[in-house]
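Notes follow once the structure below has been shown.
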Amino acid sequence: MEGLRLTTPLLKLLRMFLADPTSRYWGFEIMKATGLASGTVYPLLARLERMEWLESGWDDEQHVSGPRRRYYRLTHEGLASARVAVAEAN
């Protein structure tokens, strides 16, 4: 976790993922659950994906209206690292 600042927004995001670590979440859903703005959420998601804590993929469902959704999910390494980060913050 070297180089990762445990900010309040980051901890909110990690706690949301840890609440149901096997689920996948899309951007708007993450913003609603955490109360964070898109300008905060998406840079954090990108950083965690670069660190390989998260993996993402596009939704292929045809029956959903609007633009395609990009879903995010904790990786195995991300789950372990997120648990340590939140424990250290507490």
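The values are calculated or read from the model by the stated rules, or taken from the named source; none is laboratory data. Computed from a predicted structure; not experimentally measured. Note that we place each Cβ from the backbone using ideal geometry, even for glycine, and neighbour counts take in every protein chain shown. Surface accessibility is based on the protein's heavy atoms, side chains included, excluding ligands, DNA and RNA. Shrake-Rupley method; radii C 1.70, N 1.55, O 1.52, S 1.80 Å.
One table, with the values for the structure above:
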item: Accessible carbon and sulfur surface of the chain relative to its total accessible area, %, 1.4 Å; result: 49 percent
item: Estimated 222 nm signal from helices in the chain, with DSSP H stretches of n ≥ 4 weighted -39500 (n - 2.57), rounded to 500; result: -16000 deg cm²/dmol
item: Kirkwood hydrodynamic radius (C-alpha pairs) into Stokes-Einstein, the chain, 10 °C and 1.306 mPa s, D in µm²/s; result: 118 µm²/s
item: Per residue accessible area in Å² of the chain, where ligands, DNA and RNA are left out and the probe is 1.4 Å; result: 63 Å²
item: The chain, relative contact order [Cα under 8 Å, separation at least 6], %; result: 34 percent
item: Cβ-defined net charge surrounding THR75, 11 Å radius [Lys, Arg +1; Asp, Glu -1]; result: -3
item: Estimated distance in nm for a label pair at VAL84 and ARG68, the labels positioned 7 Å out from Cα along Cα-to-Cβ; result: 3.4 nm
item: Pairwise Cα inverse-distance average, inverted: Kirkwood Rh of the range 45-90 (Å); result: 12.0 Å
